[in-house]
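Right, one structure below, let's go through it.
The values are calculated or read from the model by the stated rules, or taken from the named source; none is laboratory data. These numbers were taken from a predicted model, which means no experiment stands behind them. What goes into the accessible areas is simple: the full protein's heavy atoms, side chains included, and nothing from ligands, DNA or RNA. Shrake-Rupley method; radii C 1.70, N 1.55, O 1.52, S 1.80 Å.
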Amino acid sequence: PLSTRPSKAVVSTQSTGELPELEGIVLLNIGSWSSGCDLWAGSGLEDLPGKQSPSDGMIEVCGLYSSLHVGRLQVALADPCRLGQAKTVRIVVKSGFVPAQCDGEPWEQSPCIVTVTAHSPALIMTKSG
């Protein structure tokens, strides 16, 4: 996740307007995150537009309020913060360093523009039913 503190990173979104106060952002193209936590299903938020599918070419964007929020999500005691879906996500890191992670590999990201797009779909195995 990338920090969204105002002095660190700015995330612009056309569909959600102003972002809530977040400590992290998760970009997904699969149905689970962090040992099976599903950020796009359940919690009474099914009426939101956009179903999650690994084959739709969309990236799901979710927010994390804190490390406590992450723990509560894992045991279904908190609602996910769904920010939207997009074909392309652009994150601007204006100054300083922000913690970043991709596929479990962490680093400190210096100022940059990160653009994420769905690319080269692959076959995956999923549990049926």
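Counting only protein heavy atoms and using a 1.4 Å probe, what share of the accessible area of segment 65-106 belongs to carbon plus sulfur, as a whole percent?
For segment 65-106, the apolar C and S fraction of the accessible surface comes to 56 percent.
At a threshold of 8 angstrom on Cα-Cα distance, excluding pairs fewer than six apart, so keeping six or more, what relative contact order does segment 75-129 reach in percent? All intermediate terms of the calculation are to be shown ahead of the outcome.
On the way: 47 pairs, mean separation 18.0, N = 55.
So the answer I get is 33 percent.
Once the cut-off is 13 Å, how many percent of the Cα-Cα pairs in segment 86-129 end up in the long-distance tail?
Percentage above 13 Å: 70.
Name the residues whose placed amide hydrogens come within less than 5 Å of the amide hydrogen of residue 59, ignoring near sequence neighbours (fewer than 5 apart) on the same chain.
86, 87
On the full set of protein chains, 1.4 Å probe, figure out the accessible area of residue 88 and give it in Å² to the nearest 10.
Number for this one is 80 Å².
Can you send over the solvent-accessible area of residue 114, 1.4 Å probe, protein chains only, in Å² to the nearest 10?
Here the accessible area works out near 40 Å².
Across segment 81-89, in residue order, what do the Karplus-derived ³J(HN,Hα) couplings come to in whole Hz, using 6.51 cos²θ - 1.76 cosθ + 1.60 with θ = phi - 60° and x for Gly and Pro?
Residue by residue, segment 81-89 yields 9, 8, 9, x, 10, 7, 7, 9, 10 Hz.
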